[in-house]
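The values are calculated or read from the model by the stated rules, or taken from the named source; none is laboratory data. Everything quoted here is computed from the prediction, not taken from an experiment. Every residue, glycine among them, receives a Cβ derived from its backbone with ideal geometry; neighbour counts consider all protein chains shown. What goes into the accessible areas is simple: the full protein's heavy atoms, side chains included, and nothing from ligands, DNA or RNA. Shrake-Rupley method; radii C 1.70, N 1.55, O 1.52, S 1.80 Å.
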Amino acid sequence: MSVLKEFREFAMRGNVIDLAVGVVIGGAFGAIVKSLVDDVIMPPIGLLVGNVDFANLFVVLKEGSKAAPYASVAAAKAAGAVTLNIGLFINALVSFLIVAFAIFMLIKTLNRLQRPAPVAPAAVTTKECRYCLSTVPLAASRCPHCTSQLD
């Protein structure tokens, strides 16, 4: 029973719950970014570089049961060909850069919104002589300027 209680306390900590929420939101955000890259960003880029569909940009390393050329990565895989999927890698790279930039902007905004940590007051290391008003070390028993006995 002790292990279950410890696990419950661990699982209910604020950090664990925050992490779980972050993972769920991150997964949803990843799906949105993937759609943004595959459906919005890469088609115009492909059009600009000569009608290239980056999702189907690949190099055949070994032909499958059906001879090349293959119209798509899916067709090549269905034929059993071994392919180097350059376009899928480029899509993943663009997705990563978008996610990394979005996280950078989020962290930058959160850091700006956080208050600076309060500065602790400096420890007192000196006192004033009540006779000549000179500054003397805290541990001094006599003033070095007027030689008065200090409290």
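Of the residues VAL40, VAL124, the one with the largest accessible area comes first in the ranking VAL124, VAL40, computed with a 1.4 Å probe on protein heavy atoms. Between TYR131, ALA75, LEU113, the Cα set farthest toward the positive side of the dipole of the chain (charges on each charged residue's Cβ, about the Cα centre) is that of TYR131. For segment 1-121, with all protein chains in place and a probe radius of 1.4 Å, 71% of the accessible heavy-atom surface sits on carbon or sulfur.
By the gyration tensor of its Cα atoms, with a ≥ b ≥ c the square roots of the eigenvalues, what is the shape of segment 1-86: rounded for a/c under 1.5, prolate for a/b over b/c, or oblate? The shape class here is oblate. Pairs of Cα atoms nearer than 8 Å and 6+ residues apart set the relative contact order; for the chain it is 14 percent.
In the calculated pair distance distribution of segment 85-151, what percentage of Cα-Cα distances lie above 16 Å?
Working: 1538 of 2211 pairs.
Above the 16 Å cut-off, segment 85-151 has 70 percent of its Cα pairs.
Working note: 222 nm ellipticity from helices only, DSSP H runs with n ≥ 4, each -39,500 (n - 2.57), summed and divided by the residues of the chain, gives -15500 deg cm²/dmol to the nearest 500. Highest mean first, the peptides 87-94, 44-51, 30-37 sorted by other C-beta atoms within 10 Å per residue fall in the order 87-94, 30-37, 44-51. Net charge dipole, the chain: roughly 380 debye, given to the nearest 20, about the Cα centre with Cβ charges of +1 for Lys and Arg and -1 for Asp and Glu.
Sort largest first and round to whole Å: the equivalent ellipsoid semi-axes of the chain, each the square root of five times a Cα gyration tensor eigenvalue. All intermediate terms of the calculation are to be shown ahead of the outcome.
Numbers: eigenvalues 959, 120, 45 Å².
Equivalent-ellipsoid dimensions as semi-axes: 69, 25, 15 Å.
Ignoring ligands, DNA and RNA, what accessible area per residue does segment 78-131 give at 1.4 Å, in Å²? Kindly include the intermediate steps, with their values, before the conclusion.
Numbers: 4440 Å² over 54 residues.
In whole numbers, segment 78-131 has 82 Å² accessible per residue.
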